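Below is one structure, written out as structure tokens; the observations come after it.
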Amino acid sequence: MTVPATQAHNRQGSTLPRGAAPDPTGPLAVDATGLHKSFGTHSKTVHAVNGIDLQIRPGEVVAFLGPNGAGKTTTIDMLLGLSKPDAGSLAIFGMAPRAAIAHGLVSAVMQTGGLLKDLTVRETAALTASLFAQHQPVDEVLDRAGILDVAGRRVEKCSGGQQQRLRFAMALLSDPGLLILDEPTTGMDVEGRRDFWQAIRADTARGRTVIFATHYLEEADAYADRIVLVRRGKIVADGTAAEIKNLASGRTVLATADNADAAALAALPGVDSVQVQGERLAIRTKDSDAVARYLLNSTNAVDLEITSHNLEDAFVALTGDADAAAEITGTESKGK
Ligand SMILES: Nc1ncnc2c1ncn2[C@@H]1O[C@H](COP(=O)(O)OP(=O)(O)OP(=O)(O)O)[C@@H](O)[C@H]1O
């Protein structure tokens, strides 16, 4: 039997947050305060999560972005009730994570596992559906995941992207209020990644709360309302892609001049830094017009270039780590 989106009730009779039409006046989808989780012994302790505060409202699509070892999976494991924080409090829709899972309010799409290669796509979803007292119709979730056309195909014959969309379909069966994806597109080719995100995007448009961990900056930028940047177990920035870019606000003005006065440039309004290498100047500023005007009027500067900062710059500015920025953007680290 199908659970109508907004009519699932718990034993007390209050409405539980299902996928569509989130209730903005209801409890936070995620309310985490002071989360800590360490591994290892006293002599060698890894502080995988080192004081994370995170509040996510129903309906938000949040990217958890960070390099290897930042603490993304450790945090997600706690959200899913797979491990317990050493310290801090954590509620999902006002409940302990395990209670939220038991009510079918949270589903996860992990990178691997959970599929039997001899079953067909439809049989796999039907088997998962049989674990729920109430669930969405199997063909409907296959359709929403964009794999209804391969419903009769054996899992082992499906591409990595199709298998991942099958995991997504399985996650939709309980019509969860919160969907958590841990690096869902790792190892997929460009086309598989695009099809996967197309299915997710169509689903999030219905109002589901989504948290996804990713290394890929472009995924965070393209699919999230909000980016939470994590590094060494801490949140180093939290905002829209535009806000994060603003944190590394301003622009860089590049020019060639042999008579520029670095001190005079640094004294211009809005200038954050001036670098001089031979005749080449790089000036970071919030007022690129003022810098350009000064260079053209008061120096013999030529070859002016003005560039906006991107998320990679923001990451470097926030973490001071070009290698980590290269890792999340997939570019080669320069200037080491
Ligand atoms: N069970 C464990 N035992 C020991 N150390 C662990 C364990 N799980 C995670 N860690 C360590 O905690 C840190 C955070 O790991 P975590 O997997 O949460 O990072 P991540 O951001 O998900 O990284 P990735 O993108 O590589 O998956 C790392 O230094 C990792 O080696």
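We did not get these values from a lab; they are worked out from the coordinates using the rules stated. Being a predicted model, the structure only gives us computed values, none of them experimental. A quick note on method: Cβ atoms are made from the backbone with ideal geometry, for glycine too, and the neighbour counts reach across all protein chains shown.
Place +1 on the Cβ of every Lys and Arg and -1 on the Cβ of every Asp and Glu in the range 30-244, take the dipole about the Cα centre, and give the residue among THR74, VAL138, THR204 whose Cα lies farthest towards its positive end.
THR74
With everything on Cα atoms, drop me the angle between helix 288-298 and the longest principal axis of the chain, reported from 0 to 90° to the nearest 10.
20
Find the relative contact order for the range 30-244 and round it to a whole percent, using C-alpha pairs within less than 8 Å whose residues are 6+ positions apart.
Working: 427 pairs, mean separation 64.5, N = 215.
Reported relative contact order: 30 percent.
Percent antiparallel among DSSP beta bridges with both residues in the range 30-244, to the nearest 5? Walk me through the numbers before you get to the answer.
Values: 21 of 39 bridges.
For the range 30-244, the DSSP antiparallel bridge percentage is about 55.
Could you tally up the Lys pairs in the range 30-244 with alpha carbons closer than 22 Å? Skip any pair fewer than 8 positions apart unless they're on separate chains.
Value for the range 30-244: 10.
Restricting to Cα pairs below 8 Å that are 6+ residues apart, what does the relative contact order work out to for the range 249-299? Please round to a whole percent. Present the calculation step by step, with values, prior to reporting the outcome.
Numbers: 80 pairs, mean separation 22.4, N = 51.
Relative contact order, the range 249-299: 44 percent.
Determine the shape class of the range 250-308: with a ≥ b ≥ c the square roots of the Cα gyration tensor eigenvalues, call it rounded for a/c under 1.5, and otherwise prolate if a/b is greater than b/c, oblate otherwise.
Numbers: a/c = 1.37, a/b = 1.28, b/c = 1.06.
Rounded, because the longest to shortest axis ratio a/c is under 1.5.
Could you give the nm distance between label points at ASN50 and GLU156, where each point is 7 Å from its Cα heading toward the beta carbon?
Placing both labels 7 Å beyond Cα along the Cβ direction yields 4.6 nm.
Within 10 Å of each residue's Cβ, count the other Cβ atoms and sort TYR294, TYR223 from fewest upward. Don't skip to the answer; put the middle values down first.
On the way: TYR294 20, TYR223 17.
Neighbour counts put them in this order, fewest first: TYR223, TYR294.
Ranking ARG280, ARG167, ARG231 by Cβ neighbours within 10 Å, fewest first, what do you get? Working shown, then result.
Numbers: ARG280 12, ARG167 24, ARG231 21.
If I rank by nearby Cβ atoms, fewest first, I get ARG280, ARG231, ARG167.
Given that compact globular proteins tend to follow 2.2 N^0.38 Å, what is the ratio of the alpha-carbon Rg of the chain to that value?
On the way: Rg = 23.9 Å, N = 336, 2.2 N^0.38 = 20.1 Å.
Scaled against compact globular proteins, the figure is 1.19.
Report the one residue of ILE180, ALA102, LEU229 whose Cα lies farthest in the direction of the positive end of the charge dipole of the chain (charges on C-beta: Lys and Arg +1, Asp and Glu -1; origin at the Cα centre).
Of the listed residues, the answer is ALA102.
Under a plain spin-label model, where a point goes 7 Å from the Cα along Cα-to-Cβ, how far apart in nm are ASP139 and GLU218?
3.7
In debye, nearest 20: dipole of the chain around its Cα centre with unit charges on the Cβ of K, R (+) and D, E (-)? Mind showing how you got there, number by number?
On the way: 33 positive and 40 negative charges, 219 e Å.
The dipole of the chain has a size of about 1060 debye.
Give me SER43, SER89 sorted ascending by neighbouring Cβ count inside 10 Å, so fewest comes first.
On the way: SER43 5, SER89 11.
Fewest-to-most ranking of SER43, SER89: SER43, SER89.
Rounding to the nearest 10 and keeping the result within 0 to 90°, find how far the Cα-based axis of helix 160-172 lies from the longest principal axis of the chain.
60
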